[in-house]
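Novice: Below is one structure. I have some questions about it.
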Amino acid sequence: MGGMLRVVAISDTHAPRFWKACPPAVAARLAGADLILHAGDVCRAWVLDELAGFAPVRAVLGNNDGPDVAAWGAPEADEFTLEGVRVAMIHDAGPKQRRTTRMRRRFPDADLVVFGHSHIPLDETGDGIRIVNPGSPTDRRRQPRGSLAVLHVDGRAVDVEHVWL
């Protein structure tokens with residue numbers, strides 16, 4: 001990969017209860033993505049196959065994911081590099097108190113951690129680490145609408161855009 005990457009991060013799709021098929025508003029944001037990150041609670045591996053029709057997918061296991069998601073290849077946590085940015089992904093980053101401290105301890109080499117579980121969009125920096133929760137595109141819980149995040153990665157710079165659906 002070279003140049004700016006457009007990475008779409010989603011989480012907590014909770015298929016088939018909330019995700020019967022890729023919603024058109026999500027599909028519009030996935031079009032042209034270089035990579036899709038799913039931060040867990042996929043619930044059915046076919047969702048990852050559907051997402052892979054748009055771009056390569058990296059996913060981690062959530063607390064509601066079963067053996068089919070693990071068999072697809074989703075680990076409990078993942079670490080990788082995008083254009084020089086060291087990225088980690090995990091489903092549950094724990095309570096909001098001291099979250100950046102906890103993520104720095106869990107992923108000492110990461111620049112950015114993508115996580116899910118709360119369904120609450122977040123972009124926060126502290127303790128030398130940036131943490132991003134894309135929210136859920138389909139199970140909004142206490143949010144006004146569903147959401148996802150688009151990460152524009154260019155060298156060591158990451159621009160995060162939360163998109164309300």
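Novice: Any idea how far apart Ala31 and Arg105 come out in nm if each label point goes 7 Å out from Cα toward Cβ?
Specialist: Inter-label distance under the simple model: 4.6 nm.
Novice: Give, in nm to one decimal, the length gained when the segment between Gln143 and Asp123 is fully stretched (0.36 nm per residue of separation minus the Cα-Cα distance).
Specialist: Contour length minus Cα-Cα distance gives 5.7 nm.
Novice: Give me the percent of the accessible area of segment 27-103 that comes from carbon and sulfur atoms, probe 1.4 Å, all protein chains in place.
Specialist: Here carbon and sulfur together make up 50 percent of the probe-accessible area.
Novice: Can you give me the accessible area per residue for the chain, using a 1.4 Å probe, in Å²? It would help to have the intermediate numbers written out before the result.
Specialist: Working: 7360 Å² over 165 residues.
Counting only protein heavy atoms, the per-residue value for the chain is 45 Å².
Novice: What's the FRET efficiency of Asp49 with Glu79 using the Cβ-Cβ distance as r and R₀ = 25 Å, to the nearest 0.05?
Specialist: The pair Asp49/Glu79 has a calculated efficiency of 0.60.
Novice: Which whole-number percent is the relative contact order of segment 11-165 (Cα, under 8 Å, 6+ apart)? Let's see the in-between values first.
Specialist: Working: 351 pairs, mean separation 31.1, N = 155.
The normalised contact order for segment 11-165 reaches 20 percent.
Novice: Moving to a separate point now. Based on the Kirkwood radius over alpha-carbon pairs, what value in µm²/s does the Stokes-Einstein equation return for the translational diffusion coefficient of segment 15-55 at 25 °C and 0.890 mPa s?
Specialist: On the way: Rh = 10.6 Å.
Diffusion coefficient, whole number: 232 µm²/s.
Novice: Just to verify a number: what accessible area does Asp159 come out at with the full protein assembly present, 1.4 Å probe, Å² rounded to tens?
Specialist: Counting only protein heavy atoms, the figure is 90 Å².
Novice: Dipole of segment 77-165 (Lys/Arg Cβ +1, Asp/Glu Cβ -1, origin at the Cα centre): which of Gly94, Gly146, Thr125 lies farthest to the positive side?
Specialist: After comparing all options, I get Gly94.
Novice: Quick one: what Rg and Dmax do you get for segment 78-124 from the alpha carbons, in Å?
Specialist: For segment 78-124, the Cα radius of gyration and maximum Cα-Cα distance read 10.4, 30 Å.
Novice: Please give, to one decimal in nm, the separation of the simple spin-label points placed at Trp164 and Lys20, each 7 Å out from Cα toward the Cβ.
Specialist: 2.6 nm
Novice: Would you mind getting me the FRET efficiency between Gln97 and Asn64? Use the beta-carbon distance for r and R0 = 30 Å, nearest 0.05.
Specialist: 0.80
Novice: For segment 15-137, what percent of Cα pairs sit more than 18 Å apart?
Specialist: 51 percent
The values are calculated or read from the model by the stated rules, or taken from the named source; none is laboratory data. All of these numbers come straight from a predicted model, not from anything done at the bench. Here the Cβ is made from the backbone with ideal geometry for all residues, glycine too, and neighbour counts use every protein chain on show. Heavy atoms of the whole protein, side chains included, go into the accessibility calculation; ligands, DNA and RNA do not. Shrake-Rupley method; radii C 1.70, N 1.55, O 1.52, S 1.80 Å.
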